[in-house]
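K.L.:
Submitted below is the structure of interest, expressed as C-alpha coordinates.
The values are calculated or read from the model by the stated rules, or taken from the named source; none is laboratory data. Since this is a predicted model, take the numbers as computed values, not measurements. Counting neighbours? That spans all protein chains shown, and the Cβs are built from the backbone with ideal geometry, glycine included.
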Amino acid sequence: MSDSQVTIKLTSDEALVLSHWLEKLQMTNLSYVVDDPAVWAPIHRIAGTLDKALPELFAPDYAARERLRSDD
(Lines give C-alpha, C1' and ligand atoms only; values in the text may rest on other atoms or scores of the structure.)
Protein backbone atom coordinates (compact mmCIF):
# COMPACT_ATOMS: atom_id res chain seq x y z
CA MET A 1 0.00 0.00 0.00
CA SER A 2 1.30 3.42 -0.93
CA ASP A 3 1.55 6.10 1.74
CA SER A 4 1.74 8.98 -0.74
CA GLN A 5 -0.53 11.94 -0.07
CA VAL A 6 -2.64 14.13 -2.31
CA THR A 7 -3.04 17.80 -1.52
CA ILE A 8 -6.08 19.74 -2.68
CA LYS A 9 -6.11 23.52 -2.36
CA LEU A 10 -9.41 25.34 -1.93
CA THR A 11 -10.30 28.91 -1.14
CA SER A 12 -12.06 29.44 2.19
CA ASP A 13 -15.33 30.01 0.36
CA GLU A 14 -14.93 26.82 -1.66
CA ALA A 15 -14.08 24.88 1.48
CA LEU A 16 -17.14 26.22 3.33
CA VAL A 17 -19.52 25.38 0.51
CA LEU A 18 -17.99 21.93 0.05
CA SER A 19 -18.13 21.26 3.78
CA HIS A 20 -21.84 22.06 3.94
CA TRP A 21 -22.54 19.92 0.88
CA LEU A 22 -20.59 16.99 2.32
CA GLU A 23 -22.53 17.29 5.56
CA LYS A 24 -25.81 17.03 3.62
CA LEU A 25 -24.43 14.09 1.66
CA GLN A 26 -23.49 12.23 4.82
CA MET A 27 -26.92 12.84 6.39
CA THR A 28 -28.83 11.56 3.36
CA ASN A 29 -29.32 8.01 2.20
CA LEU A 30 -27.51 8.33 -1.10
CA SER A 31 -26.52 4.70 -1.47
CA TYR A 32 -27.87 4.78 -5.01
CA VAL A 33 -25.31 7.51 -5.85
CA VAL A 34 -22.44 6.36 -3.65
CA ASP A 35 -22.81 2.63 -4.15
CA ASP A 36 -19.25 1.62 -3.23
CA PRO A 37 -18.55 1.54 0.53
CA ALA A 38 -14.89 2.32 -0.18
CA VAL A 39 -15.92 5.81 -1.36
CA TRP A 40 -17.32 6.73 2.04
CA ALA A 41 -13.90 6.57 3.76
CA PRO A 42 -12.43 9.48 1.78
CA ILE A 43 -15.71 11.41 1.96
CA HIS A 44 -15.68 11.20 5.77
CA ARG A 45 -11.97 12.08 5.89
CA ILE A 46 -12.40 15.16 3.70
CA ALA A 47 -15.45 16.28 5.68
CA GLY A 48 -13.65 15.83 8.99
CA THR A 49 -10.59 17.70 7.77
CA LEU A 50 -12.71 20.61 6.54
CA ASP A 51 -14.63 20.78 9.82
CA LYS A 52 -11.38 21.04 11.78
CA ALA A 53 -9.80 23.55 9.41
CA LEU A 54 -12.72 25.98 9.16
CA PRO A 55 -13.22 28.06 12.29
CA GLU A 56 -15.76 30.16 10.38
CA LEU A 57 -17.88 27.08 9.72
CA PHE A 58 -20.34 28.15 12.40
CA ALA A 59 -20.05 31.90 11.86
CA PRO A 60 -23.42 33.64 11.45
CA ASP A 61 -22.32 35.47 8.27
CA TYR A 62 -22.20 32.72 5.68
CA ALA A 63 -21.87 34.52 2.34
CA ALA A 64 -19.39 32.13 0.71
CA ARG A 65 -22.03 30.57 -1.53
CA GLU A 66 -23.06 33.96 -2.92
CA ARG A 67 -19.45 35.01 -3.51
CA LEU A 68 -18.77 31.81 -5.44
CA ARG A 69 -21.91 32.28 -7.53
CA SER A 70 -20.85 35.80 -8.44
CA ASP A 71 -17.44 34.58 -9.62
CA ASP A 72 -19.00 32.88 -12.67
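K.L.:
If VAL34 satisfies all but one of (1) over 21 Å from LEU68 (Cα atoms); (2) surrounded by fewer than 13 Cβ atoms within 10 Å (Cβ to Cβ), what's the number of the condition it fails?
P.N.:
Exception for VAL34: condition (2).
K.L.:
Another question, then. Count, please, the residues in the stretch 21-42 that happen to be within 22 Å of PRO55 (Cβ to Cβ) and either in a loop (DSSP other than H, G, I, E, B) or modelled with pLDDT of 85 or more (or both).
P.N.:
Summing the residues that are within 22 Å of PRO55 (Cβ to Cβ) and either in a loop (DSSP other than H, G, I, E, B) or modelled with pLDDT of 85 or more (or both) in the stretch 21-42 gives 2.
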